[in-house]
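Working notes for the structure below.
The values are calculated or read from the model by the stated rules, or taken from the named source; none is laboratory data. Note that the structure is a prediction, hence the values are computed from the model and not measured. So basically every Cβ, Gly included, is an ideal-geometry build from the backbone, and we count neighbours across all protein chains shown. Surface areas here come from the heavy atoms of the whole protein model, side chains and all, with no ligands, DNA or RNA. Shrake-Rupley method; radii C 1.70, N 1.55, O 1.52, S 1.80 Å.
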Amino acid sequence: MLSRLRILVATLWAGSLWTIGFVVAPTLFGTLSDRVLAGNIAGSMFRAEAWLSIACALVLLALLQWAPGVLELKRRRLLGALVLSMLVCALLSHFGITPLMAELKAQVPAGLMDEAMRSRFGLLHGVSTVIFAVQSLLAGVLIWKQQ
């Protein structure tokens with residue numbers, strides 16, 4: 001029972017990451033002509049995803065802790081390391097990178113950044129994208145290693 005719940009939570013987490021990051025966000029930017037609006041909507045979705053990531057990580061860590069006999073120690077440690085790594089990605093992005101990007105956007109309410117600000121925003125967005133890609137890859141490994 002607990003192993004099925006663990007698989008369900010891991011699948012929810014991975015699926016939400018992949019759907020928002022690789023389907024919804026690109027669709028927003030490809031569909032909406034207003035890139036600022038698309039970015040704001042995507043940002044809201046990524047904020048919700050960050051909180052979902054935190055919740056899923058805590059649930060998975062609890063399930064791994066409460067069911068030590070269900071998994072061999074080596075697999076339990078691997079799954080725990082994957083969950084913690086994904087959680088670190090979510091925390092770094094949500095509490096580290098996202099506030100810096102929001103601060104830059106707040107300095108220019110009309111969305112018209114000068115070249116230096118655009119460059120800094122682009123760098124932060126790039127770092128955020130790499131962190132998200134790492135988290136998404138780890139999610140695939142987490143799903144793969146469940147069985």
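Note on Gln147 and Val134: their simple-model spin labels are 3.0 nm apart, each label 7 Å out from Cα toward Cβ. A simple charge model with +1 on the Cβ of Lys and Arg, -1 on the Cβ of Asp and Glu and nothing else charged puts the dipole of the chain at about 620 debye relative to its Cα centre.
Averaged over its residues, the chain has an accessible area of 59 Å² per residue, based on protein heavy atoms and a 1.4 Å probe. With contacts taken as Cα pairs under 8 Å at a separation of at least 6 residues, the chain carries a relative contact order of 34 percent.
Name the residue farthest towards the positive end of the dipole of segment 1-111 from the options Pro99, Ala67, Ile54, assuming +1 on Cβ of Lys and Arg, -1 on Cβ of Asp and Glu, about the Cα centre. Value: Ala67. For Thr27, the solvent-accessible surface computed with a 1.4 Å probe is close to 80 Å², ligands and nucleic acids excluded. Taking each residue as 0.36 nm, the span from Asp114 to Arg4 lengthens on full extension beyond its C-alpha to C-alpha distance by 34.5 nm.
Our estimate of slack between Leu104 and Asp34, defined as 0.36 nm per intervening residue step minus the Cα-Cα distance, is 23.4 nm. Across the accessible surface of the chain, with the other protein chains kept in place and a 1.4 Å probe, carbon and sulfur atoms take up 70 percent.
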